[in-house]
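FYI, it's all coordinate maths here, none of it is from the lab. Note that the coordinates shown come from a computational prediction; the quantities given were computed from them, not determined experimentally. Ideal geometry is used to build each Cβ from the backbone, glycine not excepted, and the neighbour counts take in all protein chains shown.
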Amino acid sequence: MTDTPTQAANPTETPDFGEHPHRIVDAKDGSHTRIASVNVNGIRAAHRKGMGEWLADREIDILALQEVRANEEILTKLVAEMTEPTGETWHIHEHEAADKGRAGVAIISRSAPVATRTGIGAGHSEDDGRWIEADYTLGDGSTLTVASVYVHSGEVGTTKQDHKMRFLADMADYLPKLAARTDHLLVMGDLNVGHRELDIKNWKGNVKNSGFLPEERAFFDRYFGELGYVDVARCLAGEVDGPYTWWSYRGKAFDNDTGWRIDYHMATPSLAELASNLKVDRAVDYSLRWSDHAPLVVDYKLP
């Protein structure tokens with residue numbers, strides 16, 4: 001979900017946050033793989049605002065990106081600049097939207113995947129740039145499949161909402177098939193739906209809005225019910241408000257933590273059991289946001 005700022009949420013003068021205000025350091029246990037997902041709200045803007053500084057010390061191994069809004073050449077150049085401090089050449093796989101400057105998903109990783117695929121459903125043009133998956137061979141020879149997904153934002157009473165509902169239905173049809181052909185599966189991304197009342201600060205005022213419609217949430221009941229997927233962040237965080245991953249640029253939403261939890265790690269049960277150390281990398285101040293979303297970061301003790 002993305003919107004446009006309508007007013008400044010903070011005073012004009014920016015506080016002094018030190019030499020590296022975007023950096024988040026959280027030492028990783030060497031036996032774990034750190035996997036993260038974030039809607040960057042345009043990779044060029046995110047890079048300019050400090051995403052590379054965030055990535056430099058985060059020890060992430062696999063990163064799913066949504067709303068990239070750039071072609072492969074631009075993405076490759078910017079990722080190279082952002083990952084230069086790691087001294088490694090990261091592997092980049094992207095799926096650009098047919099409508100230039102819109103949507104776009106990618107997976108970047110330190111290790112090379114053994115296979116990648118794009119698309120879901122019948123291949124509607126409005127679904128381009130919304131689904132990409134990659135397979136990685138683990139230490140025991142098993143396969144981890146990772147997907148980066150950007151569900152349509154939708155708008156009640158428009159074709160945008162029709163596209164969103166069809167895409168959610170396509171997911172319900174595809175998720176069991178995908179799980180059946182891999183050992184471990186992790187579907188990540190901006191799914192643009194708050195599943196439960198705990199997932200939206202002002203849920204009562206949004207029950208008729210796209211993102212919290214009963215018919216949208218019913219799909220998530222299926223994903224996390226009969227289809228057997230696990231909402232990793234909810235399991236690790238417990239029955240608490242949020243932790244939110246998106247805040248409107250309008251008004252004081254960020255300052256007041258009036259957020260939505262619409263970014264997910266959806267895992268098959270065996271993989272979910274290996275998850276720990278959930279973090280939502282929320283900026284310490286409105287002025288330090290490099291996206292309207294915050295990265296969702298989880299460690300997995302993979303075989």
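Points worth noting:
- ³J(HN,Hα), Karplus 6.51/-1.76/1.60, whole Hz, each residue of segment 18-24, x for Gly, Pro: x, 6, 10, x, 8, 6, 10
- Label-point gap, in nm, between Thr89 and Leu138 - each point 7 angstrom along Cα→Cβ: 2.9 nm
- Per-residue ellipticity at 222 nm, computed for the chain from helices alone with -39500 (n - 2.57) per DSSP H run of at least four residues, works out to -6500 deg cm²/dmol.
- Of all beta bridges that DSSP places with both ends in the chain, some 75 percent have antiparallel geometry.
- Cα gyration tensor, segment 71-171 - rounded (a/c under 1.5), prolate or oblate: oblate
- In this label model, Arg48 and Lys208 are separated by 3.8 nm, measuring between points 7 Å along each Cα→Cβ vector.
- With contacts taken as Cα pairs under 8 Å and at least 6 residues apart, segment 33-300 reaches a relative contact order of 19 percent.
- Shape of segment 236-303 from the C-alpha gyration tensor: prolate (a/c of 1.5 or more and a/b above b/c, with a ≥ b ≥ c the square roots of its eigenvalues).
- Per-residue 3J(HN,Hα) values for segment 148-157, derived from phi via the Karplus relation 6.51 cos²θ - 1.76 cosθ + 1.60 with θ = phi - 60°, read 10, 10, 10, 6, 3, 6, x, 7, 3, x Hz in sequence order (x marks Gly and Pro).
- Computed extension length for Glu73-Asp173: 32.7 nm, one decimal, from 0.36 nm per residue of separation with the Cα-Cα distance subtracted.
- When both segment 207-280 and segment 89-144 are represented by their alpha-carbon centers, they are found 22 Å apart.
- Taking packing as the residue-averaged number of other Cβ atoms within 10 angstrom, the listed peptides 159-171, 186-198, 51-63 run from highest to lowest as 186-198, 51-63, 159-171.
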